[in-house]
């Protein structure tokens, strides 16, 4: 089951969320819709659980880390409202629990540095028309 979720997060969620942040116009709208559907699916799996695997952080939570920290910063910079507490209350609770875990908190990059890095990539993507001249897995 862990392999399924890792593959789902890596091959479905990550590209859609990245595209929602970095694309513009019709492409961005499609990516936002796809991202919303994928997040709804994830939201449903958290029903009654603190983390994806239960009461403790597990492999799926670690693989989903990009949603809790990286995507939240990315959507702020892009001016998006894809993942909000109102739309996804269970995912929002998971994000709070995950980011407030001591082991996770101690190992995340500083938000200001990550934001600056993302800002530079967003500017490069905008200057080149959306992809920043990078392959999707490099952004």
Residues of region 1-52 that turn out to be assigned to a loop (DSSP other than H, G, I, E, B) and touching a helix residue (DSSP H, G or I) at 6+ places or on another chain (Cβ under 6 Å), as a count: 4
Odd one out for residue 67, checked against (1) assigned to a loop (DSSP other than H, G, I, E, B); (2) modelled with pLDDT of 95 or more: (1)
Residue among 114, 80 that is assigned to a helix (DSSP H, G or I), within 15 Å of the chain's Cα centre (by Cα) and surrounded by 12 or more Cβ atoms within 10 Å (Cβ to Cβ): 114
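Does residue 23 satisfy the criteria of being touching a residue at least 60 places away in the same chain (Cβ under 8 Å) and buried (at least 19 other Cβ atoms within 10 Å of the Cβ)?
Yes.
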Test result for residue 58, in contact with a strand residue (DSSP E or B) (Cβ under 7 Å, 6 or more places away or on another chain) and surrounded by fewer than 16 Cβ atoms within 10 Å (Cβ to Cβ): yes
Odd one out for residue 103 among (1) surrounded by 11 or more Cβ atoms within 10 Å (Cβ to Cβ); (2) within 13 Å of residue 61 (Cβ to Cβ); (3) touching a residue at least 40 places away in the same chain (Cβ under 8 Å): (1)
Meets criteria (modelled with pLDDT of 95 or more and within 15 Å of the chain's Cα centre (by Cα)) for residue 42: yes
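The values are calculated or read from the model by the stated rules, or taken from the named source; none is laboratory data. What you see is a predicted model, and the numbers here were worked out from it, not measured in a lab. With ideal geometry, Cβ positions are generated from the backbone for all residues, glycine too; neighbour counts draw on all protein chains shown.
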